[in-house]
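As structure tokens, the structure follows; a few thoughts come after it.
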Amino acid sequence: MGIGLAYRSPLAVLVVAALPLAAYAASAARYLREPVWNIVPNSATYLANALLAWALAQLLKCTARRIDDLTARTARHERDLATAQERARHARLLHDRSLQTLEMLSRGPWITDPRLRDHVAAEASWLRGLVRGDPPTAPDGIAERVQELVRRHIRAGLAVTIPDRQLRQLADLDDRVPPLALEALLGAVDEALTNVAKHAGVTSAVLTVDLDGDAIRASVVDHGRGFDPASCAPNFGMAQSIHGRLAAVRGASVVHTRPGLGTQVDLTVPLAAVRETRGVTG
């Protein structure tokens with residue numbers, strides 16, 4: 001039995017089992033003087049037991065693999081279920097707190113600036129779609145995506161300037177920039193412009209976006225109050241929405257600023273790294 005459990009190949013089981021079989025047959029014939037018709041069936045039990053043990057071992061291994069597969073699938077299902085439940089909880093919190101507050105502000109008398117009211121209404125509409133799980137409906141082209149981002153910040157009160165020449169150049173990049181690179185870059189640009197509106201003390205900024213070799217780059221420049229990076233504690237928006245977002249696609253961000261001299265945020269996403277991250281060759 002042990003021979004059948006020790007070897008994976010049935011041929012190896014037969015070869016190894018033949019050794020004790022031969023020893024038994026020889027000793028039974030020479031010392032015990034047993035007849036041939038008794039030695040043959042007794043010897044055959046060595047092979048039969050070894051093969052039976054091998055077959056049982058293979059069945060147990062196959063069953064163990066199936067159990068492991070079912071266990072892994074069950075664990076994945078439990079993780080997916082836990083993720084779905086957590087998303088549903090977050091959706092309820094967003095709906096009950098943030099969404100209802102935004103919709104109340106957009107419809108009530110508290111906001112007198114029409115542009116700000118429209119912006120709040122647009123954000124509420126976007127958040128309701130997120131809570132419902134609606135698919136995103138962003139424009140397809142890079143130039144259109146950038147223009148939509150700029151318009152959104154203009155509606156919120158920040159005058160964002162981007163050269164028309166660059167917009168025309170961006171229209172030619174749609175087939176060259178992977179969606180993952182564009183999403184990371186535009187998300188970081190969005191956060192950088194939000195920081196200008198919140199902290200720079202100015203109402204305008206300049207945005208540039210272009211393709212430089214095998215990387216897509218963007219810069220957000222303002223002539224606001226600036227700050228001393230050494231004296232500022234890292235905030236979530238800068239650490240996660242800019243640095244963290246770009247680091248996830250092997251990009252980088254650099255902030256140039258001094259008190260009273262404005263701020264320039266340079267953002268870079270290498271396209272080759274994004275393709276490698278997604279498993280795309282080209």
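Annotations for the structure displayed:
- Placing +1 on the Cβ of every Lys and Arg and -1 on the Cβ of every Asp and Glu, with no other charges, gives region 120-261 a dipole of roughly 440 debye about its Cα centre.
- Region 54-96, accessible surface, carbon-and-sulfur percent (1.4 angstrom probe): 60
- Largest first, the extents of the alpha carbon coordinates of region 52-165 on the three principal axes equal 85, 42, 17 Å.
- Per residue accessible area in Å² of region 56-152, where ligands, DNA and RNA are left out and the probe is 1.4 Å: 75
- Charge tally in the Cβ shell below 12 Å around A156, where Lys, Arg are +1 and Asp, Glu are -1, A156 excluded: +2
- Label-point separation, S27 to R65 (7 Å along Cα→Cβ), nm: 3.8
The values are calculated or read from the model by the stated rules, or taken from the named source; none is laboratory data. None of these values were measured; they are calculated from a predicted model. Positions of Cβ are backbone-derived with ideal geometry, glycine not excepted, and every protein chain shown enters the neighbour counts. Remember, those area values only see protein heavy atoms, side chains included, never the ligands or the DNA or RNA. Shrake-Rupley method; radii C 1.70, N 1.55, O 1.52, S 1.80 Å.
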